[in-house]
Amino acid sequence: MNRASEGWPRRAHQLTFAFPVPGGARAADGWRVQWPGCAVMGVLNVTPDSFSDGGRHATLEAAVAQARAMRDVGALMIDVGGESTRPGAEPVPAEQELDRVRPVLQALAGEGVLLSVDTLKAEVAAGALAAGAHLINDVNGLRDPAMIRICGEAGAPACIMHMQGEPRTMQQAPHYEDVVGEVHAFLLEQARAALAAGVPSVLLDPGLGFGKTLAHNLALLRALPELTAGPFPVLVGASRKRLIDYLAGVPRAADRDPGSLALHLYAARQGAALVRAHAAGAHVQALRVEAALDDRAESARPLESPA
Ligand code: 9MG
């Protein structure tokens with residue numbers, strides 16, 4: 001068994017920012033956020049057609065309340081998205097996407113939580129960073145050179161996700177000769193390009209469900225020890241995805257949190273640094289319990305609190 005799947009020692013992960021951020025400590029090259037083991041990126045969709053919440057958080061107040069709740073239960077960061085990337089989704093104009101995310105970012109600025117923005121448009125990324133976002137989550141993996149330039153100039157980290165095709169058509173006929181090799185090579189190549197352009201740090205993400213069949217998703221999950229063995233923190237996102245339906249027979253997206261949690265705990269054991277989840281509180285709780293059990297088993301240290 002490899003060390004990552006043994007769960008101990010849980011690796012420390014870090015992201016570096018060129019500007020002060022919540023939870024960041026001053027370092028020689030910027031502000032550093034560090035965490036042990038696997039943390040949670042909470043999903044905050046501000047789209048009317050979100051695949052999981054049908055636009056329930058469409059109003060500013062509801063979105064901000066949801067973000068605060070995820071922060072309060074221990075999510076490391078909140079991922080704010082103004083355009084659906086579910087399979088078959090149509091793109092929206094940049095202006096409209098930015099109009100959805102900007103007020104949420106402005107309302108949450110200074111509220112002590114890292115803010116990521118899920119966008120594949122450079123124009124939206126620039127507007128979001130100006131409005132207070134700390135990190136860009138690009139499902140297009142920084143393929144647009146303008147995206148790399150904007151993150152580099154702002155000194156903001158980026159999450160580089162692998163996607164084959166585009167959301168509208170990506171599930172029609174995904175094809176790879178070697179899904180793990182191709183996805184891994186793409187992520188490393190994009191990471192090198194980003195760092196060379198001044199992006200201070202990156203997260204890598206195999207992009208479950210983005211131009212991938214069930215077999216592709218499973219191959220990538222089984223390759224997590226290899227994907228997480230490198231120097232970059234790896235994010236895994238399976239929350240409420242169709243993959244859970246294929247594995248466990250759960251047709252309604254809103255019913256898929258238990259399966260998502262099981263898959264994310266597996267990913268954490270394989271070395272994932274972050275999981276992207278709708279049910280942030282359940283994930284934080286489960287990851288903490290598992291980490292505490294690992295710690296206790298391996299080091300026989302007493303738990304810090306007797307409760
Ligand atoms: C926006 N979005 C939806 N699913 C995602 C995933 O798996 N990873 C990342 N980085 N973003 C996602």
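Values quoted throughout were computed directly from the atomic coordinates according to the rules given, and no laboratory measurement underlies them. Since we're looking at a predicted model, the values are computed, not measured. A quick note on method: Cβ atoms are made from the backbone with ideal geometry, for glycine too, and the neighbour counts reach across all protein chains shown.
Brief remarks follow.
- Given +1 at the Cβ of Lys and Arg, -1 at the Cβ of Asp and Glu and no other charges, the dipole of the chain around its Cα centre is 520 debye to the nearest 20.
- Remark: M147, M170 ranked as M170, M147, counting other beta-carbon atoms within 10 Å and listing the fewest first.
- Since only P48, I148, P200 are under comparison, the one whose Cα sits farthest along the positive direction of the charge dipole of the chain, derived from C-beta charges on Lys, Arg, Asp and Glu, is P200.
- Proxy reagent accessibility, fewest Cβ within 10 Å first, across T119, T59: T59, T119
- The calculated P(r) of the chain, using every Cα pair and 20 Å bins from 0, goes 35, 61, 4 in percent.
- The chain - share of DSSP beta bridges that are antiparallel (%, nearest 5): 25
- Sequence-distant residues sharing a close amide H with A27 (under 5 Å, placed H): R32
- Low-density loop cleavage sites - trypsin sites (Lys or Arg not before Pro) in region 150-214, where at most 14 other Cβ are within 10 Å (DSSP): R168
- Gap separating the Cα centres of region 120-186 and region 193-209, nearest whole Å: 8
- As a rough footprinting exposure proxy, the listed residues E83, E166 were ranked by other beta carbons within 10 Å of their own, and the order from fewest upward is E166, E83.
- Per-selection Rg to Rh, region 59-142 - Cα, Kirkwood hydrodynamic radius: 0.95
- Förster radius 30 Å - calculated FRET efficiency between R288 and Q106 (Cβ-Cβ, nearest 0.05): 0.45
- Trypsin sites (Lys or Arg not before Pro) restricted to region 75-147 and DSSP loop, no more than 16 other C-beta within 10 Å: R143
- Helical segments meeting 27 Å axial Cα length and Kyte-Doolittle -1.0 threshold in the chain (DSSP H): 280-299
- Applying a DSSP loop filter and a limit of 11 other Cβ atoms within 10 Å to the GluC sites (Glu not before Pro) in region 152-237 leaves E177.
- Cβ-based charge dipole, the chain, positive-most Cα from F186, P167, A282: A282
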